[in-house]
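Report on the structure given below.
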Amino acid sequence: MFEWTERWSVGVDTIDAQHRELFAAINSLLREEGKPAARDLAKVLDYLEDYVNNHFGLEEIYMRRLSYPGFPSHKGEHVAFINDFYDLRDEYDDNGATPELAEKMGRYMGDWLVNHIGKIDKALGVFLQEKGKK
């Protein structure tokens, strides 16, 4: 399971709230008490599709409006995630919801999230706070 703690806070309330929601969605894909989480896969896929559009869009608006110097590489991280997400979505469309796909997606998304927040979003958070965003 991927647990939200203040360690993952970037110091911008809107972004942190969205990250908390994403942690919860990813955790719903992971097995609890040995039970497959495939039943939640369609719901989480729909949520993630909205999430990548809304959350990434919000971060990218902040970066563009405030001339964030790391914008090109940060956007590249978002594009890579979106491509991986749609590969997993295609797997779902081809094979349906399976416990293996739910676990695979949960692990991939969780690992990506903690790495992305821990490095990329933390740097953005520092920049946004310096620019007066809270």
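Out of all the residues in the stretch 26-42, is one or more in a helix (DSSP H, G or I) and either free of Cβ contacts under 8 Å to residues at least 40 places away in the same chain or touching a strand residue (DSSP E or B) at 6+ places or on another chain (Cβ under 9 Å) (or both)? Looking through the stretch 26-42, none of the residues is in a helix (DSSP H, G or I) and either free of Cβ contacts under 8 Å to residues at least 40 places away in the same chain or touching a strand residue (DSSP E or B) at 6+ places or on another chain (Cβ under 9 Å) (or both). Look at Met105 and say whether it is touching a Gly at 6+ places or on another chain (Cβ under 8 Å) and either surrounded by 14 or more Cβ atoms within 10 Å (Cβ to Cβ) or without any contact (Cβ under 8 Å) to a residue 12 or more places away in the chain (or both). Taking the combined requirement at face value, the residue does not satisfy it. Put simply, of Gly125, Gly118, Gly96 the only residue that is of a type in the set (Gly, Ala, Ser) and without any contact (Cβ under 8 Å) to a residue 24 or more places away in the chain is Gly96. Evaluated against (1) farther than 23 Å from Lys134 by Cα; (2) touching a residue at least 40 places away in the same chain (Cβ under 8 Å), Ser9 falls short on exactly one condition, (1). Exactly one residue out of Asp121, Asp90, Asp111 is exposed (fewer than 12 other Cβ atoms within 10 Å of the Cβ), assigned to a helix (DSSP H, G or I) and not hydroxyl-bearing (Ser, Thr, Tyr), and it is Asp90.
Yes/no matrix, rows are residues, columns are (1) surrounded by fewer than 16 Cβ atoms within 10 Å (Cβ to Cβ); (2) touching a Lys or Arg at 6+ places or on another chain (Cβ under 7 Å); (3) modelled with pLDDT under 90; (4) not hydrophobic (A, V, I, L, M, F, W, C):
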site: His55; (1), (2), (3), (4): no, no, no, yes
site: Ser67; (1), (2), (3), (4): yes, no, no, yes
site: Ala80; (1), (2), (3), (4): yes, no, no, no
site: Asn83; (1), (2), (3), (4): yes, no, no, yes
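The values are calculated or read from the model by the stated rules, or taken from the named source; none is laboratory data. Worth saying up front: this structure is predicted, and the values here are computed from it rather than measured. Quick reminder, even Gly has a Cβ in these numbers, built from the backbone with ideal geometry, and neighbours come from all protein chains shown.
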